[in-house]
Amino acid sequence: MHNFTSKSSTIQDIIKGLNLTKSLFVSSIIIGEPHTGKKALISSIFEDLPLVSAKDSDILKDAIKQYDELIITDFEHIQNIPTSLLEDKKIIATANSITNQSFIDNLFAFIYHIPPLKDRTEDIKHLGNLYIKEAKNKLMIQKEINLDDISLNLDQNTKSLQASIYKYVLKHSMDKEDLKESLYNYIYEHIDGNNAYKEFLDIYEEPLIKAGLSKYHSQLKLSSILGINRNTLRKKILEHNIDA
């Protein structure tokens, strides 16, 4: 079973196009950045076709000899395959990039370009909320998580989006003992040198002051809560280069 979901109108057009040609003996290719959902998309539509990666030329050659219809992923890596062999097949392919435009144009009847996730605002929200639900279920977390509160990383499309959400959910579900254990493991691995006390004290001091300033918006109020005078607080703000 291949799970693919999208709210993007561009993706819906690609799905419609592939479905319309599903019963035809024609070749199609989807081109786009890694982790944009290309493989999951074609696998969900052509679920009965064998799938092989062009990265392994020996396995690919065997698959081309064995099947008249197949899915080839990582098509930009294809090499040492006679064009005549591919022209006699129904190839549904994905590629992260194009290395030979004329070869692509001659082989494929339909060429689709899938946009990166940053250009699919509908999918950022849709997939983001799905990943939050998935993370909470896997980590057995009940706490409410709001997508708008998360700094999303889209550099690697769905891969980095999912990673940034999982990290956020994990970090914001920790209790005091979890934090202690995490700090213990980090310090045990990194403690070294001649000034370790101050170095690791910074791990505590900086987030403490940042969080306090964000919550109370007053150095005077925060100094009172922390039990230190305002000059000491101001000094520590400067030491940590905290924007106050």
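Give region 36-50 a look and list any residue that's assigned to a loop (DSSP other than H, G, I, E, B) and buried (at least 19 other Cβ atoms within 10 Å of the Cβ), or say none.
Matches in region 36-50: THR36, GLY37, PHE46.
Under 6 Å between Cβ atoms, at least 6 apart or on separate chains: pull out the pairs that start in region 113-133 with a residue that is within 12 Å of GLN162 (Cβ to Cβ) and end on any residue that is buried (at least 16 other Cβ atoms within 10 Å of the Cβ) and of a type in the set (Val, Ile, Thr).
TYR131/ILE165; ILE132/ILE145; ILE132/ILE165
Count, please, the residues in region 135-148 that happen to be free of Cβ contacts under 8 Å to residues at least 24 places away in the same chain and open to solvent by 30 Å² or more (accessible area, probe 1.4 Å).
7
In region 9-41, which residues are within 20 Å of ASP88 (Cβ to Cβ) and of a type in the set (A, V, I, L, M)?
Once the filter is applied, which keeps residues that are within 20 Å of ASP88 (Cβ to Cβ) and of a type in the set (A, V, I, L, M), region 9-41 yields LEU24, VAL26, ILE29.
Given the criteria surrounded by 14 or more Cβ atoms within 10 Å (Cβ to Cβ), part of a helix (DSSP H, G or I) and in the same structural domain as PRO50 (by TED's automatic domain parsing), does ILE104 qualify?
Judged against the criteria, ILE104 is a match.
Mind checking which residues of region 81-101 are of a type in the set (D, E, K, R), surrounded by 15 or more Cβ atoms within 10 Å (Cβ to Cβ) and outside any strand (DSSP E or B)?
Passing the criteria: only LYS89.
If I ask for residues that are out of contact with any Leu (no Cβ under 7 Å at 6 or more places or on another chain) and among the small types (Gly, Ala, Ser), which ones from region 158-182 would you list?
Hits for region 158-182 are ALA163, SER182.
Restricting to region 51-68, give me the number of residues that are open to solvent by 40 Å² or more (accessible area, probe 1.4 Å), closer than 27 Å to LEU20 by Cα and in contact with an Asp or Glu (Cβ under 8 Å, 6 or more places away or on another chain).
1
Out of the residues in region 61-80 meeting the condition of being more than 24 Å from HIS113 (Cα to Cα) and assigned to a loop (DSSP other than H, G, I, E, B), tell me which one is modelled with the lowest pLDDT.
Looking at the filtered set, the residue picked out is ASN80.
Does region 220-243 include one or more residues that are of a type in the set (Ser, Thr, Tyr), closer than 30 Å to LEU130 by Cα, open to solvent by less than 100 Å² (accessible area, probe 1.4 Å) and outside the structural domain of ILE132 (by TED's automatic domain parsing)?
No: zero hits.
For the condition under 24 Å from LYS159 (Cα atoms), touching a Lys or Arg at 6+ places or on another chain (Cβ under 6 Å) and open to solvent by less than 10 Å² (accessible area, probe 1.4 Å), what is the one hit in ILE30, ILE71?
ILE30
Condition first: open to solvent by less than 40 Å² (accessible area, probe 1.4 Å) and either assigned to a loop (DSSP other than H, G, I, E, B) or more than 14 Å from LYS7 (Cβ to Cβ) (or both). Now tell me which residues in region 107-130 satisfy that.
Across region 107-130, the qualifying residues are LEU107, PHE108, TYR112, ILE114, PRO115, PRO116, ARG120.
Those residues that are open to solvent by less than 60 Å² (accessible area, probe 1.4 Å) and at pLDDT 95 or above, I need them from region 11-21; list them, please.
Listed by number, the residues that qualify are ILE11, ILE14, ILE15, GLY17, LEU18.
How many residues does region 143-167 hold that are of a type in the set (Ser, Thr, Tyr) and touching a helix residue (DSSP H, G or I) at 6+ places or on another chain (Cβ under 8 Å)? Can you show your working first?
Within region 143-167, the subset of a type in the set (Ser, Thr, Tyr) is 151, 158, 160, 164, 166.
Among the residues that remain, those that are also touching a helix residue (DSSP H, G or I) at 6+ places or on another chain (Cβ under 8 Å) are: 151, 158, 166.
Final tally of qualifying residues: 3.
The values are calculated or read from the model by the stated rules, or taken from the named source; none is laboratory data. Since the structure is predicted, the reported quantities are computational estimates derived from the model, not experimental observations. With ideal geometry, Cβ positions are generated from the backbone for all residues, glycine too; neighbour counts draw on all protein chains shown. All accessible areas refer to the heavy atoms of the entire protein, side chains included, with ligands and DNA or RNA removed. Shrake-Rupley method; radii C 1.70, N 1.55, O 1.52, S 1.80 Å.
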